[in-house]
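Every read-out reported here was derived from the displayed coordinates using simple, explicitly stated rules and does not represent laboratory data. Everything numeric in this text was worked out from a predicted model, so none of it was measured. Here the Cβ positions follow ideal geometry from the backbone for every residue, glycine too, while neighbour counts run over all protein chains shown.
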Amino acid sequence: MPIRSAQTGDLDAMMALTQVAFGASAWSRRLMEEVLEAAIARPGQQVAWVWEEPWGMAAAPAHRNPGGIAGYLIAQLIGRDAEIQSLAVWPERQRQGVGTALLGDFMELAQRQGWERIFLEVRAGNEAARKFYLRQGFEDYGRRANYYHSPTEDACLMRRRAG
Ligand SMILES: CC(C)(COP(=O)(O)OP(=O)(O)OC[C@H]1O[C@@H](n2cnc3c(N)ncnc32)[C@H](O)[C@@H]1OP(=O)(O)O)[C@@H](O)C(=O)NCCC(=O)NCCS
């Protein structure tokens with residue numbers, strides 16, 4: 001499986017992907033850099049994984065996708081629970097199982113570590129992501145009004161048991 005821990009050198013590729021996936025509400029470079037540094041320094045508390053395309057494959061032309069990654073998953077551990085903070089797959093590689101593989105590896109880690117629950121927030125209007133997470137065993141447990149900006153939108157709160 002081409003999933004590995006993200007390295008400092010993946011920053012450009014992760015920024016390109018977050019901008020394509022989330023547009024105006026994408027993470028800033030500074031936040032992404034802090035998360036990467038935390039994941040490298042404290043891998044038990046902060047997770048940042050990328051799906052690196054096998055040699056010779058490209059998720060998108062190199063000028064758009066500088067590092068050749070097809071997806072990433074970013075999560076943090078809070079007590080015995082984890083929160084998925086960001087998950088994105090390059091548009092040309094969506095609906096090919098990349099997101100399922102990233103989340104599947106993360107759920108295996110959660111089971112091995114004995115974590116209890118996995119939480120996440122998703123834009124109420126993000127039908128693709130909501131369908132994806134429902135299919136992965138997540139359930140809705142609430143809603144946070146006007147949580148997102150650019151554009152303003154409610155967040156759906158979703159969770160599932162880790163075991
Ligand atoms: C949500 C996302 C990560 C899914 O990744 P992916 O690699 O395309 O997902 P998979 O190929 O593993 O899809 C698994 C299943 O999820 C559901 N699904 C995924 N994308 C879907 C879509 N656009 N519409 C409806 N269902 C979808 C389907 O049931 C799919 O199975 P199928 O293709 O056999 O029908 C991806 O669409 C993405 O990066 N979106 C932009 C960023 C984002 O919204 N991230 C989530 C918020 S943090």
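Here are the numbers for this structure:
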| read-out | value |
| --- | --- |
| Antiparallel %, DSSP beta bridges [both residues in the chain], to 5 | 90 |
| Charged-residue dipole, Cβ positions (Lys, Arg, Asp, Glu), the chain about Cα centre, Debye nearest 20 | 360 |
| For V47, distant residues with modelled amide H under 5 Å away | A75, Q76, L77 |
| Under-5 Å amide H pairs with A162, H placed in peptide plane, nonlocal only | R117, I118 |
| Top positive-direction residue, dipole computed over the chain with Cβ charges, set A70, G114, A26 | G114 |
| Kirkwood hydrodynamic radius over Cα pairs of region 116-163, then Stokes diffusion coefficient at 4 °C and 1.567 mPa s, in µm²/s | 119 |
| Inter-label distance for T8 and T100, nm, one decimal - labels placed 7 Å from Cα along Cα-to-Cβ | 3.7 |
| Among 5-18, 147-160, the order from most to least packed when residues are scored by Cβ within 10 Å on average | 5-18, 147-160 |
| Contact order relative to length of region 3-161, as percent, for alpha carbon pairs under 8 angstrom and 6 or more apart | 18 |
| For region 13-120: rounded, prolate or oblate by the Cα gyration tensor [a/c cutoff 1.5] | prolate |
| Full-stretch length increase - A24, E108 - with 0.36 nm per residue and alpha-carbon distance subtracted | 27.0 nm |
| Protection-proxy order for peptides 39-50, 19-30, each taking the mean of Cβ atoms within 10 Å per residue, highest first | 39-50, 19-30 |
| Net charge over other residues, Cβ less than 9 angstrom from the Cβ of T8 (K, R count +1; D, E count -1) | -3 |
